Every structure is written in structure tokens, then in C-alpha cells.
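Comments concern the structure below.
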Amino acid sequence: MLIEQDLDKIAGVTLDYYDRRAEQFWQGTRDHDVSQNTATLMRLIEGDPPFTILDFGCGPGRDLKVFAERGHIAIGLEGAAHFAAMARQHGGCEVWQQDFLKLDLPSARFDGVFANASLFHVPSRELPRVLRELHATLKPGGVLFSSNPRGRNEEGWNGGRYGVYHDLEVWQRFLTAAGFVELTHYYRPDGVPREQQNWLASAWRR
């Protein structure tokens, strides 16, 4: 079982990994097309725009800027200090620097939470609590979108980063237990055989 010191190490080492590679990461991901994911979130949010969106784990701000340019009220949340600074500069949006394991989120603030390639860094022991916190920061009827690298529920260190690689069934159990209702799920990238679709995307309503 993970203890508090383990969790501090997981967060610290993983964030340091990204901080030391921030520019390299930006160059490698700035042109990634995740329009399928942003469109899915936008399509599933009920009501009239503009929407208030939390980009959870916004990195250097690629998707944060997309939401802002579409007229939405976009706020980023990022644990890595260098990423947070880059996101503020690139996206021109408010960015909260917070450790995923030590969140301080307002209640019922957001129409949508966009968690693209971020929640897999949360240890499985802590995931129920983090999901409940995301559930609480959504307005009633709000939508959580998540996309993560999938696996067979392996958990541990991978190249300097801590990750958990859930399969669909286990992921569904975590989200349902946190009070979410599934709206859709799909595998990415589109148009290739399932064994080459390494990402599991899903959307959930509060």
C-alpha cells in the first residue's frame, strides 16, 4: 500500500520529469490533433455557450487556447511550474498551479472538465478521491471528459513518470463509484485496428 511519503515522491518526481522536459514536450505535442476529444466534450455539455471549462493537466496550454479561442471561459490546472507558466503565456488564460493529489477546487464552478492525458498519473489508491473532487467542481449536469493511455491495469514507474494504465471495465467502475454516468467512450487514434488504439477516451455526466 502506498503511504503519504510515496505519494509525495510520485507527485514530485513526475512533475520534475515534465518540468525538465517542458520545451521538448511542447515541441513534440503542440501539433497533436485532439479535435475529436474537444468536440466530444463540447457536444455533450448542455445549455448555451460560452461554457466554463477546466483544462485539468493543461500542460503548455495547447487545448486551453483552443477553448478560449472558441469563446469559452477556459481555466487551466497544471502541476508542473514550467508548464503552468507556458500555458499562461500561450493560452492567455488563468492557470492554477496545483498538484493533482492536493487539489483545491471550487464547488459547482465548471460546465466541463477536460482531462486529456492527465488522470492516468493519479495512483489508483487516490483516484476515487480525485474523481469525487472533479465531480464536485462540476455544475449539476456538467461533463467530465478523459483520455488516457490504456492497458491491463498496470501501475508504476514508466520512464521517470508514474502512471496507471486502466482497461475500460476498471475505468468504468472508478467513474461510476464517484457518481458519474457514462455518456460515451471510444478508442484512439481513429481509423486503425484496435490493437493500435492505445488511448481510451470517455465522457461522463455529473
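Observations on the structure shown:
- DSSP bridge orientation in the chain - percent antiparallel, rounded to nearest 5: 50
- Surface accessible to a 1.4 Å probe, per residue, for the residues of segment 56-115, Å²: 39
- Residue-wise HN-Hα couplings along segment 56-69, as the Karplus relation 6.51 cos²θ - 1.76 cosθ + 1.60 with θ = phi - 60° gives them from phi, are 8, x, 6, x, x, x, 4, 7, 4, 5, 4, 4, 5, 5 Hz; Gly and Pro carry x.
- Within the accessible area of the chain (1.4 Å probe), percent carbon and sulfur: 48
- Taking all protein chains into account, the per residue accessible area for segment 138-193 stands at 49 Å² (1.4 Å probe).
- Set of lysines near residue 102 by C-alpha distance (under 18 Å), chain-local residues within fewer than 8 positions excluded: 9
- For the pair residue 16 and residue 154, a Förster radius of 35 Å applied to the C-beta separation gives a FRET efficiency near 0.95, rounded to the nearest 0.05.
The values are calculated or read from the model by the stated rules, or taken from the named source; none is laboratory data. Source: prediction; values computed, not measured. Glycine also receives a Cβ, built like all others from the backbone with ideal geometry; neighbour counts cover every protein chain displayed. Only protein heavy atoms, including side chains, enter the accessible area calculation; ligands, DNA and RNA are left aside. Shrake-Rupley method; radii C 1.70, N 1.55, O 1.52, S 1.80 Å.
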